[in-house]
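A.B. asks: Here's a structure for you.
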4 protein chains.
Amino acid sequence: MSELTVAQLQARLEEFAAARDWRPFHNPKNLAAALSVEAAELLEIFQWLTPEQAAAVMDDPDRAHRVEDEVADVLAYLLQFCLAVGVDPLRALSSKIDRNELRFPRP
Amino acid sequence: MSELTVAQLQARLEEFAAARDWRPFHNPKNLAAALSVEAAELLEIFQWLTPEQAAAVMDDPDRAHRVEDEVADVLAYLLQFCLAVGVDPLRALSSKIDRNELRFPRP
Amino acid sequence: MSELTVAQLQARLEEFAAARDWRPFHNPKNLAAALSVEAAELLEIFQWLTPEQAAAVMDDPDRAHRVEDEVADVLAYLLQFCLAVGVDPLRALSSKIDRNELRFPRP
Amino acid sequence: MSELTVAQLQARLEEFAAARDWRPFHNPKNLAAALSVEAAELLEIFQWLTPEQAAAVMDDPDRAHRVEDEVADVLAYLLQFCLAVGVDPLRALSSKIDRNELRFPRP
């Protein structure tokens with residue numbers, strides 16, 4: 001696992017957008033749309049695959065690269081969305097897992 | 001910024017799914033579909049809002065809670081997808097920013 | 001096959017939105033977002049199903065009703081989007097099939 | 001409005017897929033995923049536009065062509081999905097409008 005942190009990546013993303021004057025486009029609505037579009041591009045890789053072919057997706061170097069690229073795009077827009085609305089994504093997920101542990105009790 | 005890490009959250013998600021026998025459902029295709037569905041649920045909060053209303057979304061406590069909840073769901077499926085395909089999401093994003101710095105030179 | 005037409009349904013949708021003062025919300029961007037959200041809600045029904053379970057989705061009356069409901073929502077936003085941008089959806093599809101017949105020659 | 005009908009277009013789509021041996025891929029789950037992906041491609045055209053720019057999208061010939069092309073793709077997968085599950089899309093929408101007239105009474 002990398003020693004990169006979410007906070008470092010958010011700082012790089014913010015600096016990148018600011019240097020290119022992209023920040024006016026980065027309101028929460030546009031970022032939520034872009035996140036949804038990138039998630040669909042990730043899904044597109046799998047749309048005609050059987051579950052078995054999907055499980056082996058990383059065996060094909062071209063597909064593996066596309067998967068990594070789309071994962072990066074989804075995460076980039078998620079982190080920028082979180083900056084725009086002031087949400088800490090790791091804390092949000094931690095709280096959600098806490099709630100789900102109550103909602104779906106361990107069998 | 002929280003001291004939580006992506007690796008810790010992935011371990012909790014994996015344990016949570018294993019304890020409830022949900023892992024057979026978590027192939028990459030299903031997880032990519034679920035990620036896309038959750039991203040759309042985040043977008044749904046914004047679909048009829050003006051950009052100005054969207055920028056103020058966290059002023060409304062109910063909407064703020066929905067936003068945090070959907071961010072958590074998107075991140076949960078993204079992290080589980082990454083576990084299923086063996087991709088390190090932070091490293092993937094870091095590499096993508098490196099590539100984008102070459103592709104979109106600083107003005 | 002019903003004798004309903006796309007034009008009749010578009011007229012009903014337009015009258016419905018106008019009577020409820022919803023038209024200011026129906027700009028092309030919002031309608032494209034809403035269409036995408038409804039398509040994801042249709043996908044949600046299938047996200048954890050195997051291909052075999054998916055093929056039998058209409059055998060379950062509750063799921064069958066959800067499928068019909070989401071199909072209606074997708075079509076409603078597609079037709080309203082087409083009104084907003086002045087596109088005839090049937091003609092657009094007919095032209096696309098013509099182009100695809102050249103692009104993917106019959107084997 | 002064109003004199004094309006949904007039933008004619010469905011017949012052309014079905015014949016097109018059969019001639020290219022694509023039908024094994026066209027189970028309802030895959031078609032719902034493809035529909036969702038195409039709806040996101042339509043949304044992508046609008047993701048960074050202001051509502052005003054979005055309203056004028058058809059003034060740009062390149063964007064206008066992309067819009068028509070994505071509308072065609074969304075409709076193509078919606079109609080093929082409906083064939084796969086045996087739903088009449090126009091009847092489904094007509095019934096939904098009937099229900100919505102009761103659910104959202106005219107002011």
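The values are calculated or read from the model by the stated rules, or taken from the named source; none is laboratory data. In this text, all values refer to a predicted model and were calculated from it rather than measured experimentally. Note that we place each Cβ from the backbone using ideal geometry, even for glycine, and neighbour counts take in every protein chain shown. With ligands, DNA and RNA removed, areas are computed over all heavy atoms of the protein, side chains included. Shrake-Rupley method; radii C 1.70, N 1.55, O 1.52, S 1.80 Å.
Matching residues to (1) without any contact (Cβ under 8 Å) to a residue 60 or more places away in the chain; (2) within 7 Å of chain C (Cβ to nearest Cβ); (3) of a type in the set (Val, Ile, Thr):
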site	(1), (2), (3)
D:PHE46	yes, yes, no
D:THR50	yes, no, yes
D:VAL57	yes, yes, yes
D:TYR77	yes, no, no
D:VAL85	yes, yes, yes
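A.B. asks: Hey, among the residues in region D:55-66 that are of a type in the set (A, V, I, L, M) and out of contact with any helix residue (DSSP H, G or I) (no Cβ under 6 Å at 6 or more places or on another chain), which one's least open to solvent (accessible area, probe 1.4 Å)?
C.D. replies: Per the criteria, the residue is D:ALA56.
A.B. asks: Something else now. Within region A:12-22, which residues are out of contact with any Phe, Trp or Tyr (no Cβ under 9 Å at 6 or more places or on another chain) and not in a helix (DSSP H, G or I)?
C.D. replies: Once the filter is applied, which keeps residues that are out of contact with any Phe, Trp or Tyr (no Cβ under 9 Å at 6 or more places or on another chain) and not in a helix (DSSP H, G or I), region A:12-22 yields only A:ASP21.
A.B. asks: All but one of (1) in contact with an Asp or Glu (Cβ under 6 Å, 6 or more places away or on another chain); (2) in a helix (DSSP H, G or I); (3) at pLDDT below 95; (4) not aromatic (Phe, Trp, Tyr) hold for A:SER2, so report the exception by its number.
C.D. replies: Single failed check for A:SER2: (2).
A.B. asks: Turning to a different aspect of this structure: I'd like to check something: does region D:10-19 contain any residue that is open to solvent by less than 40 Å² (accessible area, probe 1.4 Å), within 16 Å of the chain's Cα centre (by Cα) and of a type outside the set (Asp, Glu)?
C.D. replies: The answer is yes; a qualifying residue exists.
A.B. asks: Wholly within region B:34-107, which helices (runs of 4 or more DSSP H) include no fewer than the required count, namely at least 1 residues that are under 20 Å from A:GLU41 (Cβ atoms) and in contact with a Pro (Cβ under 6 Å, 6 or more places away or on another chain)?
C.D. replies: Output list reads B:61-85.
A.B. asks: Here is a further query. I need a count of the residues in region B:23-37 that are open to solvent by less than 20 Å² (accessible area, probe 1.4 Å) and either within 11 Å of chain C (Cβ to nearest Cβ) or out of contact with any Phe, Trp or Tyr (no Cβ under 9 Å at 6 or more places or on another chain) (or both).
C.D. replies: Within region B:23-37, residues that are open to solvent by less than 20 Å² (accessible area, probe 1.4 Å) and either within 11 Å of chain C (Cβ to nearest Cβ) or out of contact with any Phe, Trp or Tyr (no Cβ under 9 Å at 6 or more places or on another chain) (or both) number 9.
A.B. asks: Only one residue in C:ASP69, C:ASP73 is among the acidic types (Asp, Glu) and more than 14 Å from chain B (Cβ to nearest Cβ), so which one is that?
C.D. replies: C:ASP69 is the lone residue from the list that is among the acidic types (Asp, Glu) and more than 14 Å from chain B (Cβ to nearest Cβ).
For (1) touching a Phe, Trp or Tyr at 6+ places or on another chain (Cβ under 7 Å); (2) among the β-branched types (Val, Ile, Thr); (3) crowded, with 21+ Cβ neighbours inside 10 Å, each residue gets a yes or a no:
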site	(1), (2), (3)
B:ALA39	no, no, yes
B:GLN53	no, no, no
B:VAL74	no, yes, yes
B:GLN80	no, no, yes
B:ARG91	no, no, no
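A.B. asks: Kindly list the number of the only condition in (1) touching a residue at least 60 places away in the same chain (Cβ under 8 Å); (2) of a type in the set (Val, Ile, Thr); (3) open to solvent by 30 Å² or more (accessible area, probe 1.4 Å) that fails for A:THR5.
C.D. replies: Unmet for A:THR5, out of (1) touching a residue at least 60 places away in the same chain (Cβ under 8 Å); (2) of a type in the set (Val, Ile, Thr); (3) open to solvent by 30 Å² or more (accessible area, probe 1.4 Å): (1).
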